[in-house]
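Read the structure below first, then the notes.
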Amino acid sequence: MRHEYRYCPNCATPLELLTQAEDGGDKSRLRCPACTWTHWNNPTPVLAAVVECSDREGRILLARNAAWSGRMFALITGFMEAGETPQEGVAREVIEETSLEIDAVSLIGVYDFQRMNQVIIAYHVVAHGEVRLSPELAEYKLYAPADVRCWPAGTGYALADFLRSRGHEPQFIELPRRG
């Protein structure tokens, strides 16, 4: 979740963009001039899963978020919970959102998604069972790896790397320009 801070959460003083010496040199950040609290605005880690259904000929499950307009299908994603490893978190997210049983989890890679101030930690998750979607997801589709189309953004690059690792040259879709 992104926070747009305007006031100090410690003392309610309006924050100011102040430059201060840090380890890497001078850095401008939102800071409290009264109590010196700093809004670091560090990226949020997000977990993403390329879900391969072992009992469906290795097809890849992509899902459409219920909050999204349009017909975009994407990876299963979610936030880590305190006290869990990234591997545990991605397995939990897949179980919560699809009801599938997890057979294996392996790291694909780490990707930046600066537009949302996130770092995506992507995993290949092998799973099986009956798909029952959580209310967060509106629908899902199963794709043969050769038929998947990637998108030019964080999780789309993770999917492309997964496909390359399986001997498939990824094909990318063009997203409409944001304006």
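Observations, loosely collected:
- Residue 138 passes every criterion in (1) of a type outside the set (D, E, K, R); (2) surrounded by 16 or more Cβ atoms within 10 Å (Cβ to Cβ); (3) more than 30 Å from residue 42 (Cβ to Cβ) apart from (2).
- Restricting attention to region 92-144, the residues being polar (S, T, N, Q) and touching a strand residue (DSSP E or B) at 6+ places or on another chain (Cβ under 8 Å) number 4.
Results for (1) buried (at least 19 other Cβ atoms within 10 Å of the Cβ); (2) free of Cβ contacts under 8 Å to residues at least 12 places away in the same chain; (3) over 20 Å from residue 130 (Cβ atoms); (4) among the hydroxyl-bearing types (Ser, Thr, Tyr), shown as yes or no for each residue.
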{"residue": "64", "(1), (2), (3), (4)": "no, no, no, no"}
{"residue": "69", "(1), (2), (3), (4)": "no, yes, yes, yes"}
{"residue": "81", "(1), (2), (3), (4)": "no, yes, yes, no"}
{"residue": "87", "(1), (2), (3), (4)": "no, no, yes, no"}
{"residue": "99", "(1), (2), (3), (4)": "no, no, no, yes"}
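- In summary, residue 124 fulfils each of the numbered conditions (1) without any contact (Cβ under 8 Å) to a residue 12 or more places away in the chain; (2) part of a strand (DSSP E or B) with the single exception of condition (1).
- Residue match in region 163-177 (condition: at pLDDT below 95, surrounded by 15 or more Cβ atoms within 10 Å (Cβ to Cβ) and touching a strand residue (DSSP E or B) at 6+ places or on another chain (Cβ under 9 Å)): no
- Among the conditions (1) assigned to a strand (DSSP E or B); (2) more than 16 Å from residue 153 (Cα to Cα); (3) of a type in the set (Ser, Thr, Tyr), residue 77 misses just one, which is (2).
- Taking (1) within 18 Å of residue 71 (Cα to Cα); (2) assigned to a strand (DSSP E or B); (3) modelled with pLDDT under 95 in turn, residue 112 satisfies each apart from (1).
The values are calculated or read from the model by the stated rules, or taken from the named source; none is laboratory data. Owing to the predicted nature of the structure, the values given are computational and were not obtained by experimental measurement. In this analysis, Cβ positions are derived from the backbone assuming ideal geometry, glycine residues included, and neighbour counts consider all displayed protein chains.
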